[in-house]
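Encoded as structure tokens, the structure appears first; notes follow it.
The values are calculated or read from the model by the stated rules, or taken from the named source; none is laboratory data. These numbers were taken from a predicted model, which means no experiment stands behind them. FYI the Cβ positions are ideal-geometry reconstructions off the backbone, even for glycines, and counts take in every protein chain you see. SASA here: full protein model, heavy atoms, side chains in, ligands and nucleic acids out. Shrake-Rupley method; radii C 1.70, N 1.55, O 1.52, S 1.80 Å.
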Amino acid sequence: MTAALVLRAVDGAAAVEELTLNPAGPHQVRVRLAAAGVCHSDLSLANGTLRQPFPVVLGHEGAGVVVEVGAAVTGLAVGDHVVLNWSPPCRSCWFCEAGEPYLCAHADDARGVPFARTAGGEDVYAGLGTGAFATETVIGANACIPVPADIPLDEAALLGCAVLTGVGAVLNSARVRAGESVVVIGLGGVGLAALQGARIAGASTVIAVDASPSKEDLALSLGATHFLTPGTSLAKEIRALTSGRGADHAIECVGRAATIRAAWSVTRRGGRATVLGLGSTTDEVTFSALEVAYFARTLTGCMYGSTDPAVDVPVLLSHYRAGRLDLSALVTDHVSLDEVGDAFDRMRNGVGARTLVHF
């Protein structure tokens, strides 16, 4: 049996229930969770922005200890510490073979397969194929990234989404170079990780933008050189901080048309705006036909930080060990499983950064 936070309908009230996990298949492992981060994608699944079969156990940013391995699993053993990967690449589709495992054609396959049952025998699905808001989960062995036992699991959990996405977007997608200027819009867990990514890349000017002035001190401590709140004069303020040109890079971490448009507008001619936020299908961004060519900017989407977790998690851990990456600073709230709803409320109101669920 496992205690899990079960959501039965879009915009419903999730409740902790006792579930029976399906036995680990030949290529699966069972993981006892130590901690899980509450991500905006969990909220997007809960409100129907992202599709998911119900009932579902949300949570996809987690870390724990392997307690059972399937008969065909190699490279993992009981007792191993792992970070969960909600987008495991198959390594054989066109995207994987083209060096884009973050776009794997089969990464979503596990999301439509039940992983547990209720006391009444009803099938339950794992959110994003992971189901991390539970004391234990069953997941593909290819969705587990081993981490050294001396890395605190509560901090390691953040690597599974926020840090891979934020730091990865800066280093792998935007490819920020030393001396360049970077604007980060939206300072949740992903945005704060992106600030650290900009610092690691050696950006000379790092401008943090968030509607909450209370995030200024944290942003400055994690690598921002300036902090601004959004408004009609945002582009003008950013040009004043970047020799009148605008930023070389803007990293959008909100997923709204207004902030995507702002990211485009604050970059210089020839600059690059990278969008991480997952928005609504009905929230449309518009550009004039003239400005697209005239400004010669690049607007690009970025999935999962353009990372390969098997490769990039060890890189991030090297930055962590060297003191260049602060994981604990991303967490502003610690909750139990039955308090995840409060974390969603804070997220809707733009309060705090990452909330971490402890088991």
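Remarks
- Residues that are at pLDDT 95 or above and under 13 Å from the mean Cα position of the chain (by Cα) were ranked within the stretch 36-60; the one that is nearest to Glu122 (Cα to Cα) is Gly59.
- Only helices (runs of 4 or more DSSP H) whose full extent lies in the stretch 137-251 are considered here, and the ones with at least 3 residues that are in contact with a Leu (Cβ under 8 Å, 6 or more places away or on another chain), touching a residue at least 24 places away in the same chain (Cβ under 8 Å) and open to solvent by less than 20 Å² (accessible area, probe 1.4 Å) are 162-168, 189-201.
- Cβ pairs under 8 Å, 6+ apart, first in the stretch 61-72 and at pLDDT below 95, second not in a strand (DSSP E or B): none
- Note on the stretch 115-136: residues that are assigned to a strand (DSSP E or B) and within 24 Å of Leu192 (Cα to Cα) amount to 0.
- Test: Thr274 is at pLDDT 95 or above, surrounded by fewer than 20 Cβ atoms within 10 Å (Cβ to Cβ) and either closer than 30 Å to Thr49 by Cα or among the β-branched types (Val, Ile, Thr) (or both): no
- Qualifying residue in the stretch 345-359 (condition: crowded, with 17+ Cβ neighbours inside 10 Å, in a strand (DSSP E or B), touching an Asp or Glu at 6+ places or on another chain (Cβ under 9 Å) and among the aliphatic types (A, V, I, L, M)): yes
- Scanning the stretch 101-114 for residues that are in a helix (DSSP H, G or I) and either of a type in the set (D, E, K, R) or surrounded by fewer than 21 Cβ atoms within 10 Å (Cβ to Cβ) (or both) yields Leu103, Asp109, Arg111, Gly112.
- Close pairs from the stretch 325-348: first at negative phi and at pLDDT below 90, partner buried (at least 19 other Cβ atoms within 10 Å of the Cβ) and not small (Gly, Ala, Ser), Cβ under 8 Å, at least 6 apart: Met347/Val38; Met347/His40; Met347/Thr355
- When the stretch 286-322 is filtered for residues that are open to solvent by 60 Å² or more (accessible area, probe 1.4 Å) and of a type in the set (Val, Ile, Thr), the ones remaining, listed by number, are Thr286, Val292, Val311, Val315.
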